[in-house]
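A quick write-up on the structure given underneath.
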Amino acid sequence: MPPDTPASAAEAARRYYETDDVDGFYTTIWGGEDIHTGIYAHDHESIAAASRRTVERIAAKSSTHLGPDGTVLDMGSGYGGAARYLADRFGCRTVALNISEMQNRRHREVNAKRGLAGLITVVTGSFEDVPYPDGSFDLVWSQEALCHGGDRPRALGEAARVLKPEGQLIFTDLMAADECPPETLRPVVSRLGIDAFATPSFYRRQASRLGFAHVDFEDLSDHLLTHYLRLAEETTQRTEELTGVISPAYLDKLQDNLPRWIEACRSGHLRWGIYTCRR
Ligand SMILES: C[S@@+](CC[C@H](N)C(=O)[O-])C[C@H]1O[C@@H](n2cnc3c(N)ncnc32)[C@H](O)[C@@H]1O
């Protein structure tokens with residue numbers, strides 16, 4: 001294996017998110033709090049506000065009582081936006097599991113500044129090997145992280161294992177449409193260091209395999225197009241600001257890649273939405 005080839009998908013994801021260019025892009029364009037697809041109230045809404053609405057919508061879907069007695073696992077927790085929202089709004093205790101220690105350091109610093117460190121435990125590790133016993137959590141939450149999984153059935157199996165029997169799994173992910181040939185999306189997803197996305201039918205099959213009798217998918221794919229249009233727009237309008245934060249080569253890469261996402265959304269090749277799963 002060449003020396004710079006990552007040993008696993010988890011290691012590839014860690015390297016991707018710890019790249020200065022990637023960190024600079026997410027921090028500047030998304031706001032560095034929530035780094036997932038937004039639910040847009042209108043076509044020109046800020047990416048940060050729309051991304052926060054996604055967190056609110058997921059929390060509203062939880063049938064688990066969200067409160068000081070609830071324990072949540074966030075798989076692939078990024079900079080910690082969702083964990084802080086749950087702590088701040090509901091007093092929930094969250095374990096935020098994330099492969100990037102660099103993101104986790106920033107996550108802990110912000111939690112401490114906002115007085116939320118007592119409610120959020122930030123753990124460095126992989127969601128393919130969750131370091132908690134069976135039946136530990138009332139709610140397993142994950143936003144746009146499973147797309148990085150090298151073994152998604154295993155990651156979902158871990159989510160099911162650590163859930164209490166009455167618990168709920170809620171997640172979002174970027175997906176390929178069932179009818180989309182994988183090679184079509186390869187130039188699109190390559191920016192994320194991912195080979196191929198899962199599909200909606202894959203997640204349904206996995207949820208059924210794991211004994212989730214009640215599975216709902218809210219298809220929000222239309223927002224994916226708005227989101228990528230907004231990302232492309234912001235990247236173009238804020239080029240000067242971005243030049244101080246990311247390398248010219250990465251900016252070129254973004255300007256080449258973001259239109260491909262827009263095209264894939266318009267062609268109906270990409271899907272996005274919220275899965276809620278109960279036994
Ligand atoms: C698109 S970001 C989403 C972050 C956060 N969920 C949010 O919505 O703001 C994907 C996250 O998944 C994390 N991740 C990727 N692979 C992982 C793995 N195997 N185990 C744990 N975290 C992982 C990355 O470090 C990154 O923080």
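The values are calculated or read from the model by the stated rules, or taken from the named source; none is laboratory data. This structure is a prediction, so every number in the text was calculated from the model and none was measured. Counting neighbours? That spans all protein chains shown, and the Cβs are built from the backbone with ideal geometry, glycine included.
Among the residues of region 14-45, how many are in a loop (DSSP other than H, G, I, E, B) and either of a type outside the set (G, A, S) or at pLDDT 95 or above (or both)?
15
Only one of N104, N111 is farther than 25 Å from H223 by Cβ and within 15 Å of the chain's Cα centre (by Cα). Can you tell me which?
N104
Only one of (1) away from the ligand (no atom under 16 Å from the Cβ); (2) surrounded by fewer than 18 Cβ atoms within 10 Å (Cβ to Cβ) fails for D195. Which number is that?
Only one criterion in (1) away from the ligand (no atom under 16 Å from the Cβ); (2) surrounded by fewer than 18 Cβ atoms within 10 Å (Cβ to Cβ) is unmet by D195, namely (1).
Of R105, R57, R93, which residue is touching a residue at least 12 places away in the same chain (Cβ under 8 Å) and more than 17 Å from D138 (Cα to Cα)?
Among R105, R57, R93, only R57 is touching a residue at least 12 places away in the same chain (Cβ under 8 Å) and more than 17 Å from D138 (Cα to Cα).
Which members of region 52-71 meet the condition of being in a loop (DSSP other than H, G, I, E, B), of a type outside the set (G, A, S) and surrounded by fewer than 19 Cβ atoms within 10 Å (Cβ to Cβ)?
H65, L66, P68, D69
Out of (1) surrounded by fewer than 16 Cβ atoms within 10 Å (Cβ to Cβ); (2) at pLDDT below 95; (3) more than 17 Å from the chain's Cα centre (by Cα), what's the single condition that is false for L242?
(1)
Could you identify the single residue in L225, L229, L254, L270 that is within 20 Å of the chain's Cα centre (by Cα) and either surrounded by fewer than 14 Cβ atoms within 10 Å (Cβ to Cβ) or more than 21 Å from G31 (Cα to Cα) (or both)?
Checking each option against the conditions leaves just L270.
Quick one: in region 34-76, of everything that is within 23 Å of P131 (Cα to Cα) and β-branched (V, I, T), which residue is nearest to the chain's Cα centre (by Cα)?
V72
Quick one: in region 19-42, which of the residues that are surrounded by fewer than 19 Cβ atoms within 10 Å (Cβ to Cβ) and farther than 22 Å from E240 by Cβ is nearest to the ligand (Cβ to nearest atom)?
Among residues in region 19-42 that are surrounded by fewer than 19 Cβ atoms within 10 Å (Cβ to Cβ) and farther than 22 Å from E240 by Cβ, the one nearest to the ligand (Cβ to nearest atom) is A41.
Of the conditions (1) touching a residue at least 12 places away in the same chain (Cβ under 8 Å); (2) over 24 Å from Q168 (Cβ atoms), G115 fails just one. Which one is it?
All conditions pass for G115, except number (1).
Exactly one condition in (1) surrounded by 22 or more Cβ atoms within 10 Å (Cβ to Cβ); (2) touching a helix residue (DSSP H, G or I) at 6+ places or on another chain (Cβ under 8 Å) is not met by L139; state its number.
(2)
Just checking: which of the helices (runs of 4 or more DSSP H) contained wholly in region 188-260 hold 2 or more residues that are in contact with a helix residue (DSSP H, G or I) (Cβ under 7 Å, 6 or more places away or on another chain)?
221-237, 239-243
Could you tell me how many of the residues in region 80-139 are farther than 23 Å from H65 by Cα, within 9 Å of the ligand (Cβ to nearest atom), assigned to a loop (DSSP other than H, G, I, E, B) and not β-branched (V, I, T)?
The number of residues fulfilling the criteria is 6.
Is it true that some residue in region 153-176 is within 13 Å of the ligand (Cβ to nearest atom), of a type in the set (K, R), part of a helix (DSSP H, G or I) and crowded, with 18+ Cβ neighbours inside 10 Å?
There is no residue in region 153-176 that is within 13 Å of the ligand (Cβ to nearest atom), of a type in the set (K, R), part of a helix (DSSP H, G or I) and crowded, with 18+ Cβ neighbours inside 10 Å.
Just to be sure, is P153 under 21 Å from G38 (Cα atoms) and not aromatic (F, W, Y)?
no
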